[in-house]
1. What is the number of the single condition among (1) within 24 Å of Gly46 (Cα to Cα); (2) assigned to a helix (DSSP H, G or I); (3) open to solvent by 20 Å² or more (accessible area, probe 1.4 Å); (4) among the small types (Gly, Ala, Ser) that Ala103 does not meet?
2. Across the stretch 25-59, which residue is modelled with the highest pLDDT among those that are hydroxyl-bearing (Ser, Thr, Tyr) and more than 40 Å from the chain's Cα centre (by Cα)?
3. Being assigned to a helix (DSSP H, G or I), surrounded by 17 or more Cβ atoms within 10 Å (Cβ to Cβ) and out of contact with any Gly (no Cβ under 9 Å at 6 or more places or on another chain): is that true of Ala192 here?
4. Could you check, for the stretch 125-133, whether at least one of its residues is in the same structural domain as Asp51 (by TED's automatic domain parsing) and open to solvent by 30 Å² or more (accessible area, probe 1.4 Å)?
5. Asp357 - would you say it is at pLDDT below 95 and open to solvent by less than 30 Å² (accessible area, probe 1.4 Å)?
6. I'd like to check something: does the stretch 322-343 contain any residue that is in contact (Cβ under 8 Å) with a residue 40 or more places away in the chain, more than 14 Å from Glu255 (Cα to Cα) and open to solvent by less than 20 Å² (accessible area, probe 1.4 Å)?
7. With respect to Pro177, is the statement that it is farther than 29 Å from Arg229 by Cβ and loosely packed, with under 14 Cβ neighbours inside 10 Å true?
Amino acid sequence: MQRLLVESLDTHQEYVPYGERPEWQDLTPIQQDEGSLAPLAPIMYGDEYKDSTNYFRAIVQKGEYSERVLEITEHIIRQNPSHYSVWQYRYDTLLAIKADLIAELELMDEIATTFLKTYQVWHHRRLLITHLRAPRPELMFIANALQADKKNYHTWAYRQWILAEFNEDELWDGELPFVEQMLSDDLRNNSAWHHRFFVVWESGVRAGEEDRETLVKREIAFTKTKIARAPNNASAWNYLRGVLERTSSPFSVLEAFVTPYAQPPSPEDESEWVSDDEASSTKSPTAKSSDLAETADDAVLDLENPIPSARAELPCPQAIEFLADIREQSAQNNGTTARSDIDEAIKLYASLATKYDTMRERYWEFRQREASKLIPAIA
């Protein structure tokens, strides 16, 4: 009797082919249909996988929904968690035999943790929760899963689905502190920034946030502090843009904040450059010693516009682009200085193309051409 030695998720065990198991003797395995022509690049399936999928095809052809369907589908899923046909048949079987969905969810705790990046795992979990209608424990499960992979798209998407599908105040209440903790752990976590935008702007007007003007100020202030800690963090700059665009606010309202981040450092400061990782290791942005060495009357730190760390790597390309966008908006809204605004925008884009962001040289050249097209419109 042939035995195939395989490795399961956590132990070595002897694999018994389905054809040698008494409870599977009533089925005739069905081989995968490769068509009339031999495939040019056949997939080299392992013997265990071929055996289990052959019997899966047989049980599907039979139209059977039973406990042994759950057995064989779990076996295949552990070998190939992306097999969507197996997942669907498993789900149909769970409902057909009225299986314990809570037990299934507990099994999915293990499988989802093992296969975090597999979409089908999270979709199956979504189907289970749709039936169980028990969303609250899911937030803790998701939080734990994110500790293993803080930027996993599928995990974040599932969290947003939980919030939107059930839309309970108790679910939303802890989301802002949660996302702030995630950003505290890693302020470049673009998934966390995206989730913050979802929570703040896509959840409707929730209790305590009826004053939208105050909300906008809060979000802008929050983002400014994160930019001050890591000026070259594109995620924070994108969030700042998103807030302004969502509220139809002109970019110019932040010109005073942005300008210091677009300025080249002095020669003495340039020698003290550090990466954003080092600059953001401090809890709050620090001003340059020269900035603070003022007279008592002038020594006022602008808390609304935190300045970059003394050793931050400047200028920041995102800040330069932001200023260029301000100039373009100004040109479209102010006829008296429009030409000079366009010229300044083109100059800023040119600095990005030739010096500060040469990796995207062609893009910045494109932005220069687009800005030039505004000249006839404002003439």
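1. Going through (1) within 24 Å of Gly46 (Cα to Cα); (2) assigned to a helix (DSSP H, G or I); (3) open to solvent by 20 Å² or more (accessible area, probe 1.4 Å); (4) among the small types (Gly, Ala, Ser) one by one, Ala103 breaks only (1).
2. Our first condition is that a residue be hydroxyl-bearing (Ser, Thr, Tyr); within the stretch 25-59, this holds for 28, 36, 45, 49, 52-53, 55.
Checking which are more than 40 Å from the chain's Cα centre (by Cα) leaves us with 28, 36.
Working: Thr28: 97, Ser36: 73.
Checked the stretch 25-59; the qualifying residue modelled with the highest pLDDT is Thr28.
3. Details: assigned to a helix (DSSP H, G or I): yes; surrounded by 17 or more Cβ atoms within 10 Å (Cβ to Cβ): yes; out of contact with any Gly (no Cβ under 9 Å at 6 or more places or on another chain): yes.
Spelling it out, Ala192 is indeed assigned to a helix (DSSP H, G or I), surrounded by 17 or more Cβ atoms within 10 Å (Cβ to Cβ) and out of contact with any Gly (no Cβ under 9 Å at 6 or more places or on another chain).
4. Scanning the stretch 125-133 turns up no residue that is in the same structural domain as Asp51 (by TED's automatic domain parsing) and open to solvent by 30 Å² or more (accessible area, probe 1.4 Å).
5. Details: at pLDDT below 95: no; open to solvent by less than 30 Å² (accessible area, probe 1.4 Å): yes.
So Asp357 does not fit the description; no.
6. Checking the stretch 322-343: at least one residue is in contact (Cβ under 8 Å) with a residue 40 or more places away in the chain, more than 14 Å from Glu255 (Cα to Cα) and open to solvent by less than 20 Å² (accessible area, probe 1.4 Å).
7. Working: farther than 29 Å from Arg229 by Cβ: no; loosely packed, with under 14 Cβ neighbours inside 10 Å: yes.
For Pro177, the condition - farther than 29 Å from Arg229 by Cβ and loosely packed, with under 14 Cβ neighbours inside 10 Å - is not met.
Listed here are the residues, each with its yes/no results for (1) closer than 18 Å to Trp87 by Cα; (2) of a type in the set (Asp, Glu); (3) assigned by TED's automatic domain parsing to the domain that holds Ser82.
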site: Gln13; (1), (2), (3): no, no, yes
site: Val16; (1), (2), (3): no, no, yes
site: Pro22; (1), (2), (3): no, no, yes
site: Gln25; (1), (2), (3): no, no, yes
site: Thr28; (1), (2), (3): no, no, yes
site: Ala38; (1), (2), (3): no, no, no
site: Tyr49; (1), (2), (3): yes, no, yes
site: Ala58; (1), (2), (3): yes, no, yes
site: Gln61; (1), (2), (3): yes, no, yes
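The values are calculated or read from the model by the stated rules, or taken from the named source; none is laboratory data. Since this is a predicted model, take the numbers as computed values, not measurements. Neighbour counts are summed over all protein chains in view; Cβ atoms, including those assigned to glycine, are modelled from backbone coordinates with ideal geometry. Please note that ligands, DNA and RNA were not included when accessible areas were found on the heavy atoms of the full protein model with its side chains. Shrake-Rupley method; radii C 1.70, N 1.55, O 1.52, S 1.80 Å.
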